[in-house]
């Protein structure tokens, strides 16, 4: 039996199509960088021995420590000492004196020495011990440097520096002091003696003087050039 072409029904297979899936990406925001703390407040600290006060210090104190974290990255711990929460202690000797400052779990010890030849005191050593954040590989941190020669002044005078000074304990630990004024060994009436300015402050004072002198010289050169030019113009008129 044969079928005509009209009776034959052609069928086409429909290939099922799956809808194209699209995924929308949720924008991610990187955490905002943590702002550095402001300059620390200035505290007054002193050490008293059998013969009276041997260390008198005004300063703002900040600890700066770089440490490895558990995720193998490096972390930074900046700690400002709060004066009214900081306890001070120390010892007095004939040629050495110690000032120990403790704030929360952090302790900084300053060792001052006397050069009997030059009659100058100076900061010879700094010891630091603190507890780092929990992300640190080693939470306990200690560092020391006993071969320093900072904050130097003549005995009976005080060392003063308004600029920030960075005392390097190690390559990972800095003790930053702000608006420091300090006197060691010979202190009369618990008051600072004559001031010896730090080099940073002297440079800051010298720069405006140099700039002012340069501007004054420039004005003088312009004035002289003007007077010479005016004199020549008058001479030209007289010739005519």
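The values are calculated or read from the model by the stated rules, or taken from the named source; none is laboratory data. Model, not experiment: these values are computed from the prediction. Reconstructed Cβ throughout: ideal geometry from the backbone, glycine too, with neighbour counts over all protein chains shown.
Here are the numbers for this structure:
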quantity: Of all residues in the stretch 49-71 being within 25 Å of the chain's Cα centre (by Cα) and surrounded by fewer than 16 Cβ atoms within 10 Å (Cβ to Cβ), the one that is nearest to residue 183 (Cα to Cα); calculated: 66
quantity: Failed item in (1) free of Cβ contacts under 8 Å to residues at least 12 places away in the same chain; (2) in contact with a helix residue (DSSP H, G or I) (Cβ under 6 Å, 6 or more places away or on another chain), with residue 163 passing the rest; calculated: (1)
quantity: Residue in the stretch 96-111 that is farther than 21 Å from residue 45 by Cβ, touching a residue at least 12 places away in the same chain (Cβ under 8 Å) and out of contact with any helix residue (DSSP H, G or I) (no Cβ under 8 Å at 6 or more places or on another chain) present; calculated: no
quantity: Conditions (1) surrounded by fewer than 18 Cβ atoms within 10 Å (Cβ to Cβ); (2) under 19 Å from residue 91 (Cα atoms); (3) at pLDDT 95 or above: number failed by residue 147; calculated: (2)
quantity: Criterion violated by residue 134 - all others in (1) at pLDDT below 95; (2) surrounded by 15 or more Cβ atoms within 10 Å (Cβ to Cβ) satisfied; calculated: (2)
